[in-house]
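To start, the structure under review is shown below, and the notes come after it.
The values are calculated or read from the model by the stated rules, or taken from the named source; none is laboratory data. Just so we're clear, the structure is a prediction, and the values are computed from it rather than from any experiment. Note that each Cβ is placed from the backbone with ideal geometry, even for glycine, and that neighbours are counted across all protein chains shown. All accessible areas refer to the heavy atoms of the entire protein, side chains included, with ligands and DNA or RNA removed. Shrake-Rupley method; radii C 1.70, N 1.55, O 1.52, S 1.80 Å.
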Amino acid sequence: MISKIFNSLREALSDVPDGASIMVGGFGLAGQPKELIDALLDQGAKDLVIINNNAGNGDTGLAALLAAGQVRKIICSFPRQADSHVFDALYRAGKVELELVPQGNLAERIRAGGAGIGGFFTPTGAGTLLAEGKEQRNINGRDYVLEYPIEADYALIKALSADRWGNLVYRKTARNFGPIMATASRVAIAQVEQIVELGALDPECIVTPGLFVQRVVAVGAEK
């Protein structure tokens, strides 16, 4: 019997090694798998490479992971916000490496990783510092920059519901990067509010098929 259900967050993250690359879903706090991040903090893996849209908010979630010194590098689009003081201090002190990627490029690089695409040309970043050292071409009179796919060892994502096969349904825009991160990672771990019986999820509403999900943990509904 196929079952991807894990009994605890700790069990689902037990094999994450030092130096792992980890995609983390969420657009700011929307769709952020906070419980999985907190469990990773407790698990203690360090020297991590984190791929996320942001670089942490306040002092919780990714910010807490950064503050604990477990992150070596972060690949993101928006490292600085009004409450990103943890990342800001670490970066200025030279304690964390940053790879800045425009948001559209970040999404497409992750999607390309999941789709098996070797690279793509995009006009975003052409003529800026972000294009330095990268192959560039002029196509039909417009400058383009070659970008490569991003893949990861793990993806931590948040969904609304799952079944034991790992099929996922999200809650509105909380899905954001979740679906593409699941395809671009070797092990996708989803925290969900509820696990339902097989057949309870409308096939037309399943956004991420269980084929791309290896582990599911129920954490209950948000308060």
### Task
Treat the range 127-223 as a sphere of radius equal to its Kirkwood radius over Cα pairs and apply Stokes-Einstein at 4 °C in a medium of 1.567 mPa s; give the translational diffusion coefficient in µm²/s, rounded to a whole number.
85 µm²/s
### Rounded accessible area per residue of the range 96-223, 1.4 Å, Å²
51 Å²
### Query
How far, in degrees from 0 to 90, does helix 103-115 lean away from the longest principal axis of the Cα atoms of the chain, to the nearest 10?
60 degrees
### Query
Roughly speaking, what is the centre-to-centre gap between the range 201-215 and the range 61-108 when only Cα atoms are used, to the nearest Å?
30 Å
### Task
Count charges around R215 for me, please; just the other residues with Cβ under 11 Å from its Cβ, Lys/Arg as +1, Asp/Glu as -1.
-1
### Task
Tabulate in residue order the Karplus-calculated ³J(HN,Hα) for the range 128-140, using 6.51 cos²θ - 1.76 cosθ + 1.60 with θ = phi - 60°, rounded to whole Hz; enter x for Gly and Pro.
10, 4, 5, 8, 4, x, 10, 5, 10, 9, 9, 10, 6
### Query
What is the mean projected area of the alpha carbon convex hull for the range 53-138, to one decimal in square nanometres?
6.6 nm²
### Query
Quick one: net charge of A188's neighbours, Cβ under 13 Å, K/R +1, D/E -1?
+2
## Note on the structure
For the range 124-212, the percent of accessible surface on carbon and sulfur atoms (probe 1.4 angstrom, ligands and nucleic acids excluded) is 50 percent
### Query
If you count, for each residue, the other Cβ atoms within 10 Å and average over each peptide, how do 167-175, 50-58, 186-194 line up from highest to lowest?
50-58, 186-194, 167-175
### Message
Rounded to the nearest 20 debye, what is the charge dipole size of the range 1-132 about its Cα centre when +1 sits on each Lys and Arg Cβ and -1 on each Asp and Glu Cβ?
### Response
180 debye
### Message
Could you give each residue of the range 205-220 its phi-based ³J(HN,Hα) in whole Hz, using Karplus coefficients 6.51, -1.76, 1.60 with θ = phi - 60°, and x for Gly or Pro?
### Response
9, 6, 8, 10, x, x, 3, 9, 10, 9, 9, 10, 10, 8, 10, x
### Task
Could you check what % of the DSSP bridge pairs in the chain are antiparallel, to the nearest 5?
30 percent
### Calculated from backbone phi, Karplus (6.51, -1.76, 1.60) coupling profile of the range 157-169 in Hz, x at Gly/Pro
10, 10, 9, 7, 9, 8, 10, 5, 7, x, 5, 10, 10
### Task
Rounding to the nearest 20 debye, state how big the charge dipole of the range 49-100 is about its Cα centre with +1 on each Lys and Arg Cβ and -1 on each Asp and Glu Cβ.
140 debye
### Message
Using alpha carbons only, how many angstrom separate the centre of the range 173-195 from the centre of the range 141-166?
### Response
9 Å
### Query
Quick one: helix 34-43 against the long Cα principal axis of the chain, what's the angle to the nearest 10°, folded into 0 to 90?
90 degrees
### Query
Taking only DSSP H segments of four or more residues, each worth -39500 (n - 2.57), what value at 222 nm results for the chain once the sum is divided by all its residues, to the nearest 500 deg cm²/dmol?
-5500 deg cm²/dmol
#### Entry: Label-point separation in nm, D42 to E11, each point 7 Å along Cα→Cβ
1.4 nm
### Query
Tell me, how many Å apart are the Cα centres for the range 115-134 and for the range 14-57?
26 Å
### Dipole of the chain [Lys/Arg +1, Asp/Glu -1 at C-beta], most positive-end residue of F78, M23, N52
F78
### Query
DSSP loop GluC sites (Glu not before Pro) in the range 97-172 with at most 10 other Cβ atoms within 10 Å of their Cβ, which ones?
E132
